[in-house]
Amino acid sequence: VQLQASGGGLVQPGGSLRLSCAASGSISNINFMGWYRQAPGKQREVVAYITSYGSTNYVDSVKGRFTISRDSAKNTVYLQMNSLKPEDTAVYYCNWKTVTGLGYWGQGTQVTVSS
């Protein structure tokens with residue numbers, strides 16, 4: 001099973017993008033679906049995640065601007081990013097974890113915020 005991330009691109013400051021992360025097959029017992037990002041020269045950081053119970057959490061820098069959601073029927077998780085800033089520029093990765101500790105990473109999608 002692979003995760004396929006998409007939706008990145010070049011956007012002006014203040015713009016919006018929606019990232020998608022879809023699984024190529026069925027993954028059982030997922031309890032964590034998250035988005036990470038890594039900017040050049042920086043460590044990868046978690047941006048947002050949603051649990052199997054539907055609870056969400058965000059890094060402070062994106063609160064109020066980003067929204068994570070999931071569509072269980074489509075086996076897909078989304079990251080709606082609004083009011084984008086240049087500091088949001090990074091490669092964004094999706095990561096899913098199961099209750100047994102298995103982890104899956106998507107291939108990354110580039111988000112560039114620039115005028």
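The values are calculated or read from the model by the stated rules, or taken from the named source; none is laboratory data. In this text the structure is predicted, and so the values were computed from the model without any measurement. Note that each Cβ is placed from the backbone with ideal geometry, even for glycine, and that neighbours are counted across all protein chains shown. Each accessible area value is taken on the protein alone, full model and side chains, heavy atoms only, with ligands, DNA and RNA left out. Shrake-Rupley method; radii C 1.70, N 1.55, O 1.52, S 1.80 Å.
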Check: Would the range 84-107 turn up any residue that is basic (K, R) and either in contact with a helix residue (DSSP H, G or I) (Cβ under 9 Å, 6 or more places away or on another chain) or open to solvent by less than 50 Å² (accessible area, probe 1.4 Å) (or both)?
Finding: yes
Next item on the list: May I ask you to list the residues in the range 66-85 that are of a type in the set (F, W, Y) and without any contact (Cβ under 8 Å) to a residue 40 or more places away in the chain?
Entry: F66
Notebook entry, point to check: Restricting the range 1-24 to residues that are within 16 Å of the chain's Cα centre (by Cα) and surrounded by fewer than 16 Cβ atoms within 10 Å (Cβ to Cβ), which is farthest from Q107 (Cα to Cα)?
Noted result: S16
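Looking at the structure I just gave you, is I27 of a type outside the set (S, T, Y) and crowded, with 18+ Cβ neighbours inside 10 Å?
no
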Check: Filtering the range 57-67 down to residues that are surrounded by fewer than 16 Cβ atoms within 10 Å (Cβ to Cβ) and either closer than 23 Å to V99 by Cβ or basic (K, R) (or both), which residue is nearest to the chain's Cα centre (by Cα)?
Finding: N57
Item checked: Looking only at the range 30-53, and only at residues there that are among the small types (G, A, S) and over 15 Å from the mean Cα position of the chain (by Cα), the one that is surrounded by the fewest Cβ atoms within 10 Å (Cβ to Cβ) -> G41
